[in-house]
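The values are calculated or read from the model by the stated rules, or taken from the named source; none is laboratory data. Everything quoted here is computed from the prediction, not taken from an experiment. Here the Cβ is made from the backbone with ideal geometry for all residues, glycine too, and neighbour counts use every protein chain on show. SASA here: full protein model, heavy atoms, side chains in, ligands and nucleic acids out. Shrake-Rupley method; radii C 1.70, N 1.55, O 1.52, S 1.80 Å.
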Amino acid sequence: PRSTPKPSSAASDVYKRQLIDRARCSCQFPAYSFVGVVALISVTMVGANTYQVVVEGTEETEYRVIMGSEYYRHLSRGEFTHEWVLVQVFRVLLEHEPKVSIPARFDLEEFIGGNLEVESKITTRLAP
């Protein structure tokens, strides 16, 4: 008898390919920091809901950020890539906070969730 892959197996393979493709995706964007210094923000997916954010200006600073799927949808309505959302998040944060006050590792929702002013600025940046 012929062997046919189980549908769940095929779906799993597609999901794994999507994760691999997303892991290769990164986004870079120049931004102005809180003191007017130009910075380059790079975002790369490094795991499920986990991203490495690198801010390059006069010095390079790395962050490890967790952005859960529900909070991602809350900020972006699912209309933008996760990486682009995080670029906008860091643009807003850098305009208000020195890099040293942004923790090296954080869960985005725990860090800014409920701060309506910051969330509003992020969603405004994401508006078409």
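Quick rundown of the values:
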| read-out | value |
| --- | --- |
| Exposure rank, largest accessible area first [Arg64, Arg77; 1.4 Å] | Arg77, Arg64 |
| Sum of side-chain charges, Arg91 neighbourhood, beta-carbon under 10 Å (Lys, Arg +1; Asp, Glu -1) | +1 |
| His74 - accessible surface, heavy atoms, 1.4 Å probe, Å² rounded to 10 | 110 |
| Computed label-point distance, nm, for sites Thr81 and Thr124 using a 7 Å Cα→Cβ extension | 2.6 |
| Probe 1.4 Å - accessible area at Glu79, Å² to nearest ten | 110 |
| Around Gly113: net Lys/Arg minus Asp/Glu count, Cβ-Cβ under 9 Å | -4 |
